[in-house]
Amino acid sequence: MAEDKKRVAVLISGNGSNLQALIDACENDEYYPAKIALVISNKADAYGLHRAKEHKIPSVIIPHKNYDSREDFDSALNKELKKYEIDIVCLAGFMRVLSSNFVNDWEGRMINIHPSLLPKHKGSHAVLDALAAGDTVTGCTVHHVVPKIDSGEIIIQKEVVIDPEDTEETLLEKIHEQEHIAYPEALKQLSESL
Ligand code: GRF
């Protein structure tokens, strides 16, 4: 089975709790159809890099500030993805917009997790936006990445009930719990379909 597993790169910029959920899914189930083969961060101080190290997963830091254009940064990304023979890219709190060329190259093989029930609340303030809108339900979405932000085909969604006393912090915590279930499920589904 091991040699059939899809080789996954997880792109992060920060904490990496979703990276951790993916690592755990791969490590705890010998039949899980994917393995995390590479972690890439655009930030040298991303906590997720420690998680990779702890699990002996190769990691690469590609600081976006070192590149003059988005295209140059994306070429550097592609070079590493090729070097590690990556089949699937998972964006997990990766705070960079990728060029259309890069996204088109990886179409069908690159997914993202977003903290809302898309198409509601696209963008980087999804949790606050759900609270501000007075929604009673929000959640998370794993979707394919397409050039238009937070707009690709949806793979899995999980709902979270918003209580009247929820703050951004408590709501985010509840969404994260669901994200950590949704992302491994979606990656499994995609890995099996390729
Ligand atoms: C998650 O809430 C995800 O939905 C969003 O960024 C956050 C990343 O969290 N895209 P973490 O770094 O995985 O803990």
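The values are calculated or read from the model by the stated rules, or taken from the named source; none is laboratory data. Just so we're clear, the structure is a prediction, and the values are computed from it rather than from any experiment. Neighbour counts run over all protein chains shown; Cβ positions are idealised from the backbone, glycine included. All accessible areas refer to the heavy atoms of the entire protein, side chains included, with ligands and DNA or RNA removed. Shrake-Rupley method; radii C 1.70, N 1.55, O 1.52, S 1.80 Å.
In the stretch 45-90, which residues are over 16 Å from Ala9 (Cα atoms), in a loop (DSSP other than H, G, I, E, B) and not aromatic (Phe, Trp, Tyr)?
Those that are over 16 Å from Ala9 (Cα atoms), in a loop (DSSP other than H, G, I, E, B) and not aromatic (Phe, Trp, Tyr): Asp45, Pro63, Asp68, Ser69.
Within the stretch 32-49, restricting attention to residues that are within 15 Å of the chain's Cα centre (by Cα) and aliphatic (A, V, I, L, M), which residue is nearest to Val60 (Cα to Cα)?
Only one residue tops the list, namely Ile40.
For the stretch 13-23, indicate whether the set of residues that are more than 16 Å from Arg51 (Cα to Cα), open to solvent by 20 Å² or more (accessible area, probe 1.4 Å) and part of a loop (DSSP other than H, G, I, E, B) is non-empty. It would help to see each step written out before you state the result.
At the first step, the residues of the stretch 13-23 found to be more than 16 Å from Arg51 (Cα to Cα) are none.
Checked against the condition, which is being more than 16 Å from Arg51 (Cα to Cα), open to solvent by 20 Å² or more (accessible area, probe 1.4 Å) and part of a loop (DSSP other than H, G, I, E, B), the stretch 13-23 yields no hits at all.
So which residues in the stretch 24-44 are part of a loop (DSSP other than H, G, I, E, B) and either touching a residue at least 24 places away in the same chain (Cβ under 8 Å) or among the polar types (S, T, N, Q) (or both), if there are any at all?
Glu30, Tyr31, Tyr32, Pro33, Asn42, Lys43
Evaluate the following for Ile57: is it open to solvent by less than 80 Å² (accessible area, probe 1.4 Å) and within 13 Å of the ligand (Cβ to nearest atom)?
Details: open to solvent by less than 80 Å² (accessible area, probe 1.4 Å): yes; within 13 Å of the ligand (Cβ to nearest atom): no.
For Ile57, the condition - open to solvent by less than 80 Å² (accessible area, probe 1.4 Å) and within 13 Å of the ligand (Cβ to nearest atom) - is not met.
Just to verify a result, which residue in the stretch 71-109, among those that are within 16 Å of the ligand (Cβ to nearest atom) and not aliphatic (A, V, I, L, M), is most open to solvent (accessible area, probe 1.4 Å)?
Going through the qualifying residues, I end up with Arg96.
Restricting attention to the stretch 155-194, and to residues there that are within 14 Å of the ligand (Cβ to nearest atom) and over 14 Å from Pro115 (Cβ atoms), which single residue is surrounded by the fewest Cβ atoms within 10 Å (Cβ to Cβ)?
Ile155
Got a sec? Which of Tyr47, Tyr32 is of a type in the set (Ser, Thr, Tyr) and buried (at least 16 other Cβ atoms within 10 Å of the Cβ)?
Result: Tyr32 is the single residue among Tyr47, Tyr32 that is of a type in the set (Ser, Thr, Tyr) and buried (at least 16 other Cβ atoms within 10 Å of the Cβ).
Just wondering, is there one or more residues in the stretch 133-143 that are within 16 Å of the ligand (Cβ to nearest atom), over 18 Å from Ser17 (Cβ atoms) and hydrophobic (A, V, I, L, M, F, W, C)?
no
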